[in-house]
Amino acid sequence: MQQIKLPEFVKRLMSTEHMVKEHMRRGEITPTKEAYNNSLRIAAPAVAEMVSIALMSMLDMIMVGQIGREAVAAIGLTGQPRMIFFSVFFALNIAVTAIVARNKGAGDDAAARSCLRQSMLLVMAGGTIITVLAVVLARPMMQFAGAQYDTIDMAASYFRITGYGLIFAIMSGVICAAQRASGNTKITMQVNIVANVVKVIFNFLLIAGRFGFPRLGVDGAAISLVIAHVISCGLALQSLFRKDAYLRITSKDSWRPDEQMLATIGRVTAGGMLEQLFMRVGFFAYARVIAGLGTLETAAHFVAMQFMNLSFTFADGISVATTALVGQNLGKKRPDLSIMYGKIGMRLAMLVAALLSTTALLSRFHFPILFASGDQYVIQITSGIMLIIVYILPLQTSQLVMAGSLRGAGDTRYVAFTMLITVGLIRPITGFVLVYPLGWGLTGAWIAIIFDQGVRLVLLTGRFMRGRWINTQL
């Protein structure tokens, strides 16, 4: 057998000519350089947007960390309950992404715009209900989330205040999902970067009470988040009134309910809703396992999650590009190119994972100091968790891109099934067993994430490689 030299092997691995089997081809395969440029053109703004959001969130947590570990734990505890309220609309965003991308690829611009308008109507109706529930149920939700006596008041207050901004965040989210599906990630980057810069500015003014503003602590962080949601919603809506915009709103548009489009949205949303339900229930149960360890361990966990969230954004940006390109090429009746762009996303994800894992290894003693300066116990625990993150990141980045490929095709039910098995069952159950019966503490909880991510990657990659998803009908 002829031995392939390493440079030749790498060239074959990265070349688009070797990504699609001959019998699957429907025409010419996009040249390697052009294909990667297409992916990066969409991915780069999405990565920049999401990384900036994560960095602003980290800066937010650093500011809150100056108040004390209880404040860090309190805000951290609100995360999963907030996501439960968002979950239905995250499912809607998945549907909007798949439908808009497919219709853009098919050249049906009117259907893509109709999908956005109908989704906005759904947001206005459902978002109002969600906002009221979040405000009314703030304290019971925090009690159920496992808030302790030293965090319950701060957590409930933060959750209640941020509840007023939910409808603005949801509307911004659905518009940005449609823009990303059309390939216009620059708009969503601008919307979210501006909103998050404003949030950081108001955090600076309101948390500690600077330049004559009141010292509001955790409540100041909550008010800043509401202001950011309002601004992001305004900017997202503004993007729809540009004359040169692919997705635009005009005075001639019909806002009456469209039964056919709503039925299509409903079918795709159903799978996404199941995915979100399994994810949120699983994450919530997992968060309860963490909360039971106490305030110190909970604070250390959320500090480590800041690095995970930052790493997640790189892969999520690549996943956004993959979702859009897979959906658009299926609309063009080029499933071979959809397969190609899915594999390009995987290769980009692995390169990013190698860089991030190296960063986690080298910064494991320095990163925790940003959030818990002076708290040696929290710093010590977090440093150990960072070593586990080194092994998680390659699994996380790869499975995110695989999930993005399947979502772009509208194969949301299989992604939901995967989330049920991994996030809904494996992560919380394995976490509980490792944390309590085996007594591994917070380390056991993070090892459970390795099991979750590993099984998820195997299931999603297997589905992608079998290729049935290219026949998914919306």
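The values are calculated or read from the model by the stated rules, or taken from the named source; none is laboratory data. Because the structure is predicted, anything quoted here is derived from the model rather than measured. Cβ sites come from the backbone with ideal geometry, for glycine too, and all protein chains shown count toward neighbours.
Going residue by residue through the range 238-253, is there one that turns out to be surrounded by fewer than 23 Cβ atoms within 10 Å (Cβ to Cβ), without any contact (Cβ under 8 Å) to a residue 60 or more places away in the chain, polar (S, T, N, Q) and assigned to a helix (DSSP H, G or I)?
yes
Of (1) part of a helix (DSSP H, G or I); (2) without any contact (Cβ under 8 Å) to a residue 40 or more places away in the chain, GLY271 satisfies all except one. Which?
(2)
Taking the range 283-319 as the search range and keeping residues that are in contact with a Gly (Cβ under 6 Å, 6 or more places away or on another chain), of a type in the set (A, V, I, L, M, F, W, C) and modelled with pLDDT of 85 or more, which one is surrounded by the fewest Cβ atoms within 10 Å (Cβ to Cβ)?
Our first condition is that a residue be in contact with a Gly (Cβ under 6 Å, 6 or more places away or on another chain); within the range 283-319, this holds for 286, 288-289, 291, 302, 318-319.
Filter once more, keeping what is of a type in the set (A, V, I, L, M, F, W, C): 289, 291, 302, 318.
Narrowing the set further to residues that are modelled with pLDDT of 85 or more leaves 289, 318.
On the way: VAL289: 24, ILE318: 29.
Among those that are in contact with a Gly (Cβ under 6 Å, 6 or more places away or on another chain), of a type in the set (A, V, I, L, M, F, W, C) and modelled with pLDDT of 85 or more, it is VAL289.
In the range 459-468, is there at least one residue being in contact with a helix residue (DSSP H, G or I) (Cβ under 9 Å, 6 or more places away or on another chain) and at pLDDT below 90? Give the steps one after another, and end with the answer.
Taking the range 459-468 and keeping what is in contact with a helix residue (DSSP H, G or I) (Cβ under 9 Å, 6 or more places away or on another chain), we get 459-461, 463-464, 467-468.
Next cut, at pLDDT below 90 only: 467-468.
Yes - at least one qualifying residue is present in the range 459-468.
So which residues in the range 119-131 are without any contact (Cβ under 8 Å) to a residue 60 or more places away in the chain and either surrounded by 14 or more Cβ atoms within 10 Å (Cβ to Cβ) or of a type in the set (Lys, Arg) (or both), if there are any at all? Talk me through it step by step, then tell me what you get.
First pass over the range 119-131, keeping only residues without any contact (Cβ under 8 Å) to a residue 60 or more places away in the chain: 120, 123-131.
The answer is MET120, VAL123, GLY126, GLY127, ILE130, THR131.
In the range 192-202, which residues are surrounded by 24 or more Cβ atoms within 10 Å (Cβ to Cβ) and without any contact (Cβ under 8 Å) to a residue 60 or more places away in the chain?
ALA195
When the range 203-225 is examined, which residues are found to be touching a residue at least 24 places away in the same chain (Cβ under 8 Å) and crowded, with 20+ Cβ neighbours inside 10 Å? Can you show your working first?
Quick first cut of the range 203-225, residues touching a residue at least 24 places away in the same chain (Cβ under 8 Å) only: 203-204, 207-208, 217-219, 221-225.
Listed by number, the residues that qualify are ASN203, ILE207, GLY217, VAL218, ALA221, ALA222, ILE223, SER224, LEU225.
SER383 versus (1) in contact with a Pro (Cβ under 7 Å, 6 or more places away or on another chain); (2) within 20 Å of MET350 (Cβ to Cβ): which is the lone unmet condition?
(2) is the only condition that SER383 fails.
Between a first residue in the range 276-304 that is at negative phi and a second residue that is part of a helix (DSSP H, G or I) and among the basic types (Lys, Arg), which pairs have beta carbons less than 7 Å apart while being 6 or more apart in sequence or on different chains?
Pairs that qualify, where the first residue is at negative phi and the partner is part of a helix (DSSP H, G or I) and among the basic types (Lys, Arg), are GLY282/ARG427; TYR286/ARG427; THR295/ARG69; LEU296/ARG69; ALA299/ARG69.
May I ask you to list the residues in the range 14-25 that are over 30 Å from the mean Cα position of the chain (by Cα) and not in a loop (DSSP other than H, G, I, E, B)? Explain how you work it out, then say what you get.
As a first pass, look at the range 14-25 and keep what is over 30 Å from the mean Cα position of the chain (by Cα): 17-18, 21-25.
Hits for the range 14-25 are GLU17, HIS18, GLU22, HIS23, MET24.
Being aliphatic (A, V, I, L, M) and surrounded by fewer than 24 Cβ atoms within 10 Å (Cβ to Cβ) is the filter here; which residues of the range 401-418 pass it?
Step one: of the range 401-418, the residues aliphatic (A, V, I, L, M) are 401-403, 406, 409, 415-416.
Hit for the range 401-418 is ALA416, nothing else.
LEU434 - would you say it is of a type in the set (A, V, I, L, M), surrounded by 16 or more Cβ atoms within 10 Å (Cβ to Cβ) and at pLDDT below 95? Write out each step before concluding.
Values: of a type in the set (A, V, I, L, M): yes; surrounded by 16 or more Cβ atoms within 10 Å (Cβ to Cβ): yes; at pLDDT below 95: no.
No: the conditions fail for LEU434.
Does any residue of the range 26-42 turn out to be in contact with an Asp or Glu (Cβ under 7 Å, 6 or more places away or on another chain), outside any helix (DSSP H, G or I), closer than 28 Å to LYS333 by Cβ and at pLDDT 85 or above?
First, pick out the residues of the range 26-42 that are in contact with an Asp or Glu (Cβ under 7 Å, 6 or more places away or on another chain): 26, 29.
Narrowing the set further to residues that are outside any helix (DSSP H, G or I) leaves 26, 29.
Adding the requirement that they be closer than 28 Å to LYS333 by Cβ leaves 26, 29.
Imposing the further condition that a residue be at pLDDT 85 or above reduces the set to 26, 29.
Yes, there is a match, as at least one residue in the range 26-42 is in contact with an Asp or Glu (Cβ under 7 Å, 6 or more places away or on another chain), outside any helix (DSSP H, G or I), closer than 28 Å to LYS333 by Cβ and at pLDDT 85 or above.
Could you please tell me which pairs satisfy a Cβ distance under 7 Å, a separation of 6+ or placement on different chains, a first residue in the range 45-66 that is crowded, with 22+ Cβ neighbours inside 10 Å, and a second residue that is modelled with pLDDT of 75 or more and among the aromatic types (Phe, Trp, Tyr)?
Final answer for the pair search is VAL47/PHE314.
Could you count how many residues in the range 355-383 are over 15 Å from MET58 (Cα atoms), in a helix (DSSP H, G or I), small (Gly, Ala, Ser) and more than 25 Å from the chain's Cα centre (by Cα)?
Number satisfying all stated conditions: 0.
Given (1) assigned to a helix (DSSP H, G or I); (2) touching a helix residue (DSSP H, G or I) at 6+ places or on another chain (Cβ under 8 Å); (3) surrounded by fewer than 20 Cβ atoms within 10 Å (Cβ to Cβ), where does GLN260 come up short, assuming only one miss?
Checking GLN260 against (1) assigned to a helix (DSSP H, G or I); (2) touching a helix residue (DSSP H, G or I) at 6+ places or on another chain (Cβ under 8 Å); (3) surrounded by fewer than 20 Cβ atoms within 10 Å (Cβ to Cβ), the one that fails is (2).
Within the range 146-181, which residues are among the aliphatic types (A, V, I, L, M), surrounded by 24 or more Cβ atoms within 10 Å (Cβ to Cβ) and farther than 16 Å from SER232 by Cβ?
Across the range 146-181, the qualifying residues are ALA147, MET154, ALA155, ALA181.
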